[in-house]
Amino acid sequence: MKSLLPCSLVLSAACLAQQPALKALPDAPPPANSTLLLAQATPPSAGAPSNTPPVPTTATPVPRGPRLTLLEAEKIALDRNPNISIAHLLQLAQGQFTREVASIEMPTVTGDLTAVGAHDDSRITASALNNPIVYNRAAGGLTVRQLITDFGRTRNLVKNAQSTAKAQFDTERATVEDITLAVDQAYYQALTAQSLLKVAQQTLATRQATGQQIGALTSQKLRSTLDLSLADVQISQAQLLVLDAQNSASSAMASLNAILGSEADQQYDLVDETPQNPQAAPANEEGLVQLAFRSRPDLASLNDRWLAARQFASAEHDLLRPTVSALAAVGGTPVRADQIQSSWYGAAGANISIPIFNGFQYTARAKEADLRAQAASEQVRNLRETIARDVRAAVLNAQIAFQRIGVSRQLFDQANTALELAQARYKVGLSGIVDLTQAQLAQTEAEIGYTNARFAYQTALAEVRYQTGQ
């Protein structure tokens, strides 16, 4: 029975509708009388500690909550998950940075209001090579600065910012796909956990009914106490299965709530929309690989960052070129010293800044940018190789998962037939309780395996959609 416990996350509610009704052991007394007979035939164990916690003898109903479909779960997650908000805010911030860089090409206008009181006939004689005279004055004016050309550096910086913004937009799309895949995985995990709980409860109820019938037969000397003891073992194992299933269902629902962006312990009644006869897994691996190259947003983001790195490298090379800018100033001086004769001023000019030597800083910056652009190119190549591998692996996994559905279904049908035969043979005395319990165990394991195969295939298809950027 230990082999059942690791399977606690792999069951589906859909298989319950397909499971044939198990035949009860014939000639069993009515339920009310069998319960009394079971209590009489199973005395408490000698020396049992009095502080042993009570074991549930009946199945606890599966918790019910609002109905939730997979599409609804995906929509809730995209609306509430904080990772989506983070990616969107970063994308908006990068857009503002693009505007910030583009502002270098636009004119800058500055307004100035100046009032100075100076000591008569004094000059500023320290901290500089110039020796200006400071006059008493109060004035106001405007200063206009305009970059004429820096021979491509600013233009390359703007392109770099635009490519980085596009990369951030693709990163937001990639985050959406990441969250969608995580929701699909958490949803199917929670759905299988809820289904496991239902199956465990049904298993417990079935084995309790069998135990009651065997207890009644034992009290009538038609079965041995060994049969009753083994039936009790089966009931205890089913009770443990229920406890494990309850824990798994709670953990899976907590994980789903976290993906949905909820802090509350909301319990949902998950809707199983899995088709009973799903379509076969995709077979055109190479076509899907090329589709992934065209559609994966993370690859597009990395391509954009590589392009941005190249543009930044070009901008760093442009540091060695001159910069031409224009400057104009105009204003008035209504309050002034006698030495300032005009009440207004105006001037315009141009300036050419030519880099000559700065300790090879610009050369090193350009080389660094080139190396980082080469590294970005290698990152793109590495991701393409990873995508090709992951797409092929996802397709192969989906194909195997699809084949497991048919095999698991066949095993499940065979286990149901074997259990019916074991019950009939036990009734007429052609087999013992061991054969019956083994048949029950095999039927439960087959049910778990079949349900696991159905939901594993749906998860595999979700992985294929994610890997191909769909």
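For the stretch 376-392, which residues satisfy the criterion of being in contact (Cβ under 8 Å) with a residue 40 or more places away in the chain and farther than 15 Å from residue 304 by Cβ?
Residues satisfying the conditions are 387, 388, 390, 391, 392.
Considering every residue within the stretch 228-244, establish whether at least one is without any contact (Cβ under 8 Å) to a residue 12 or more places away in the chain and under 30 Å from residue 387 (Cβ atoms).
no
Which residue is farthest from the chain's Cα centre (by Cα), if the candidates are limited to the stretch 93-119 and must be surrounded by 13 or more Cβ atoms within 10 Å (Cβ to Cβ) and in a helix (DSSP H, G or I)?
Per the stated criteria, the residue is 105.
Condition test on residue 164, is it farther than 30 Å from residue 320 by Cβ, open to solvent by less than 80 Å² (accessible area, probe 1.4 Å) and at pLDDT 90 or above?
So residue 164 does not fit the description; no.
Which members of the stretch 72-99 meet the condition of being free of Cβ contacts under 8 Å to residues at least 40 places away in the same chain, closer than 11 Å to residue 260 by Cα and not acidic (Asp, Glu)?
Listed by number, the list holds a single entry, 75.
Between residues in the stretch 353-367 that are under 13 Å from residue 313 (Cβ atoms) and residues that are open to solvent by less than 60 Å² (accessible area, probe 1.4 Å) and outside any helix (DSSP H, G or I), which pairs lie under 7 Å by C-beta distance while being six or more apart or on different chains?
362/355
Restricted to the stretch 254-273, and to residues that are surrounded by fewer than 21 Cβ atoms within 10 Å (Cβ to Cβ) and of a type in the set (A, V, I, L, M), which residue is modelled with the lowest pLDDT?
The residue in question is 264.
From the residues in the stretch 135-182 that are out of contact with any Pro (no Cβ under 7 Å at 6 or more places or on another chain) and acidic (Asp, Glu), which one is farthest from residue 109 (Cα to Cα)?
So the residue we want is 178.
Please verify whether the stretch 322-339 includes one or more residues that are under 26 Å from residue 165 (Cβ atoms) and either open to solvent by less than 30 Å² (accessible area, probe 1.4 Å) or outside any helix (DSSP H, G or I) (or both). Don't jump to the end; show me each part of the working.
Keep residues of the stretch 322-339 that are under 26 Å from residue 165 (Cβ atoms), which gives 323.
Add one more test, that the residue is either open to solvent by less than 30 Å² (accessible area, probe 1.4 Å) or outside any helix (DSSP H, G or I) (or both), and what stays is 323.
Yes, the stretch 322-339 has at least one match.
When you check residue 291 against the structure, is it surrounded by 13 or more Cβ atoms within 10 Å (Cβ to Cβ) and in contact with a helix residue (DSSP H, G or I) (Cβ under 8 Å, 6 or more places away or on another chain), yes or no? I'd like the intermediate steps shown before the answer.
Numbers: surrounded by 13 or more Cβ atoms within 10 Å (Cβ to Cβ): yes; in contact with a helix residue (DSSP H, G or I) (Cβ under 8 Å, 6 or more places away or on another chain): no.
Considered against the rule, which asks whether it is surrounded by 13 or more Cβ atoms within 10 Å (Cβ to Cβ) and in contact with a helix residue (DSSP H, G or I) (Cβ under 8 Å, 6 or more places away or on another chain), residue 291 comes out as no.
Please determine whether any residue of the stretch 124-134 is open to solvent by 60 Å² or more (accessible area, probe 1.4 Å) and under 29 Å from residue 302 (Cα atoms).
No; the residues of the stretch 124-134 include none that is open to solvent by 60 Å² or more (accessible area, probe 1.4 Å) and under 29 Å from residue 302 (Cα atoms).
Hey, residue 431 hits all of (1) out of contact with any Ser or Thr (no Cβ under 9 Å at 6 or more places or on another chain); (2) of a type outside the set (A, V, I, L, M, F, W, C); (3) open to solvent by less than 10 Å² (accessible area, probe 1.4 Å) but one; which does it fall short on?
(3)
Starting from residues that are open to solvent by less than 70 Å² (accessible area, probe 1.4 Å) and charged (D, E, K, R), keep the ones in the stretch 135-161 and report whichever is nearest to the chain's Cα centre (by Cα).
So the residue we want is 153.
Would it be correct to say that residue 365 is under 30 Å from residue 463 (Cα atoms) and open to solvent by 50 Å² or more (accessible area, probe 1.4 Å)?
Judged against the criteria, residue 365 is not a match.
Rundown of residues vs (1) of a type in the set (Val, Ile, Thr); (2) in a helix (DSSP H, G or I); (3) closer than 30 Å to residue 299 by Cα; (4) open to solvent by less than 20 Å² (accessible area, probe 1.4 Å), yes/no style:
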{"residue": "378", "(1), (2), (3), (4)": "no, yes, yes, no"}
{"residue": "417", "(1), (2), (3), (4)": "yes, yes, no, no"}
{"residue": "427", "(1), (2), (3), (4)": "no, yes, no, no"}
{"residue": "446", "(1), (2), (3), (4)": "no, yes, no, yes"}
{"residue": "450", "(1), (2), (3), (4)": "no, yes, no, yes"}
{"residue": "462", "(1), (2), (3), (4)": "no, yes, yes, yes"}
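Going through the stretch 218-253 one residue at a time, which ones are surrounded by fewer than 18 Cβ atoms within 10 Å (Cβ to Cβ), farther than 25 Å from residue 197 by Cα and β-branched (Val, Ile, Thr)?
225
Filter the stretch 183-200 for residues that are open to solvent by 20 Å² or more (accessible area, probe 1.4 Å) and not aromatic (Phe, Trp, Tyr) and give the result.
Residues satisfying the conditions are 185, 189, 198.
Restricting attention to the stretch 210-217, does a residue exist that is closer than 24 Å to residue 463 by Cα, part of a helix (DSSP H, G or I), hydroxyl-bearing (Ser, Thr, Tyr) and open to solvent by 10 Å² or more (accessible area, probe 1.4 Å)?
Within the stretch 210-217 (the criterion being closer than 24 Å to residue 463 by Cα, part of a helix (DSSP H, G or I), hydroxyl-bearing (Ser, Thr, Tyr) and open to solvent by 10 Å² or more (accessible area, probe 1.4 Å)), the answer is no, since none of the residues qualifies.
The values are calculated or read from the model by the stated rules, or taken from the named source; none is laboratory data. Treat the numbers as computed from the prediction; the structure is a model and nothing was measured. Positions of Cβ are backbone-derived with ideal geometry, glycine not excepted, and every protein chain shown enters the neighbour counts. Surface areas here come from the heavy atoms of the whole protein model, side chains and all, with no ligands, DNA or RNA. Shrake-Rupley method; radii C 1.70, N 1.55, O 1.52, S 1.80 Å.
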